[in-house]
Amino acid sequence: PDKKMLIQGNADDRGSREYNIGLGQRRADAVKRTLVLMGASETQIESVSLGEEKPRCTEQTEECWAQNRRADLLYTGEY
């Protein structure tokens, strides 16, 4: 109960900057909703969007884009 989590929503680079920020936020919020349904307290979790700003892969392939469409979960002390 005393732990905190940050969920960072990410997107690939194929949309506009504004679209990708919104998409990343929706992705992070979906993960947050799932964790709350599993019993986490809503006050423990913060969700933010990084959009396309933190790619895991920079190649222009479907496999690479799939890696960039993700949510990263960071725990207290990792952010």
Revision key, fill the gap. Note on the chain: contact order normalised by length, alpha-carbon pairs under 8 Å, 6 or more apart, percent, works out to 46
Practice item. Grab the Cα-Cα distance for Cys64 and Glu46, subtract it from 0.36 nm times how many residues apart they are, and report the gain in nm with one decimal. Key: 3.8 nm
Check your understanding: So what is the calculated 222 nm ellipticity per residue for the chain, using -39500 (n - 2.57) for each DSSP H run with n of 4 or more, over all residues, to the nearest 500 deg cm²/dmol?
Key -> -11500 deg cm²/dmol
Point to revise | the chain: angle of helix 17-37 to the longest principal axis, Cα-based, in degrees nearest 10 | key: 30
Check your understanding: In nanometres, what is the gap between the two model label sites at Asp2 and Glu53, each 7 Å from Cα along Cα-to-Cβ?
Key -> 3.2
Check your understanding: Regarding the chain, what is the average projected area of its C-alpha convex hull, in nm²?
Key -> 5.4
Review point. Residue farthest toward the positive end of the dipole of the chain, with Cβ of Lys/Arg at +1 and Asp/Glu at -1: which of Val36, Pro55, Gln25?
Key: Val36
Exercise for review: Name the residues whose placed amide hydrogens come within less than 5 Å of the amide hydrogen of Arg70, ignoring near sequence neighbours (fewer than 5 apart) on the same chain.
Suggested key: Asn10, Ala11
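What's the longest bit of the chain with no exposed GluC sites (Glu not before Pro), using DSSP loop states and at most 14 other Cβ atoms within 10 Å as the test?
Looking at the chain, 1-52 is the longest stretch - no exposed GluC sites (Glu not before Pro) with at most 14 other Cβ atoms within 10 Å.
Only the coordinates and a few stated rules stand behind these numbers; no lab work does. Keep in mind it's a predicted model, so treat the numbers as computed, not measured. Ideal geometry is used to build each Cβ from the backbone, glycine not excepted, and the neighbour counts take in all protein chains shown.
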